[in-house]
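Read-outs: derived from the displayed coordinates by stated rules, not from any lab. Bear in mind that the values here come from a model prediction, so they are computed numbers and not experimental data. Note: ideal-geometry Cβ built from the backbone for every residue, glycine included; neighbour counts use all protein chains shown.
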Amino acid sequence: MFPTISVSSDIERLAKWDRVMAADQVPFATALALTKTAQDAERELTAALPRELDKPTPFTMRAWGVSKATKRALTATIYAKDAQAKYLRWQVYGGQRAPARVAQRLPTAIKVNDFGNIPRGEIARLIKLAQEGKRLTRARAAKLGVSSKVDLFYGDPGDGMPAGVYKRVQHGAEHRLVPLVVFPRVSARYRARFPMRAIVERVVRARFASNYRDAWAQALRSAR
């Protein structure tokens, strides 16, 4: 998910300032500096999420991870964990996303949590109740802002309306279906919003030299 940023020229330049170090300490210092810089970048990416995105959830705030560099593999990797990467990639790169079986709440039809999402698990519960021909309990109806007296329908109602969860509303002698949650058929287009590469490059420029010198000093101490 993340493009490569090389610091090989920085390592070569910085290593020249102290040639008294034993050659076998160079990989140790390099791996330590790369890892520390990646950890600095991971913290900055996490701090940037609420600045760049609208109310990221606690789950999204735990999106980033770091794979440490070693003396044998001089690469430190910053990555988005698999579950978060599935949706964060659209915020990083933008693009057109084909519709998935993802619920879309209709405006004012159902309450959302503090992060603007339908409470976790509620869509599955609504579908299950509709399939079983049951109604919401009073407590769950109050949580969702939907009357416990309405009958629920789940499926494709036809007439060009998308599949979803609907409530049946009496209208004269007939019943009408009013959508609560639908599953869009059209593709969604995203613009790149989260400047992940720019953030990491900024951290690398600001921190790598200092981290390398600290690692250099630590390697010298350990070599004595």
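Using θ = phi - 60° in the Karplus curve 6.51 cos²θ - 1.76 cosθ + 1.60, the 3J(HN,Hα) couplings for the range 209-221 round to 4, 5, 5, 5, 5, 4, 5, 4, 5, 5, 5, 4, 5 Hz; x is entered for Gly and Pro.
Taking amide H atoms as placed 1.01 Å from N in the peptide plane, list the residues 5 or more away in sequence, or in a different chain, whose amide H sits under 5 Å from that of Asp151. The answer is Arg168. Modelled label positions at Ala209 and Tyr93, each set 7 Å beyond Cα in the direction of Cβ, lie 3.3 nm from each other. Each peptide among 35-46, 72-83 gets the average number of other Cβ atoms lying within 10 Å of its residues, and from highest to lowest they stand as 35-46, 72-83. In plain terms, the chain from Ala163 to Thr70 could stretch by 28.4 nm, reckoned as 0.36 nm per residue minus the Cα-Cα distance. A simple rule links phi to the HN-Hα coupling: the Karplus curve 6.51 cos²θ - 1.76 cosθ + 1.60 with θ = phi - 60°, which for the range 122-137 gives 6, 4, 4, 5, 4, 4, 4, 4, 5, 5, 8, x, 9, 10, 5, 6 Hz, with x for Gly and Pro. If you take all other residues with their beta carbon under 14 Å from the beta carbon of Trp90, and give Lys and Arg +1 and Asp and Glu -1, the sum is +4.
Annotation: amide H of Thr57 has no partner in the under-5 Å range at sequence separation 5 or more or interchain, hydrogens built in the peptide plane.
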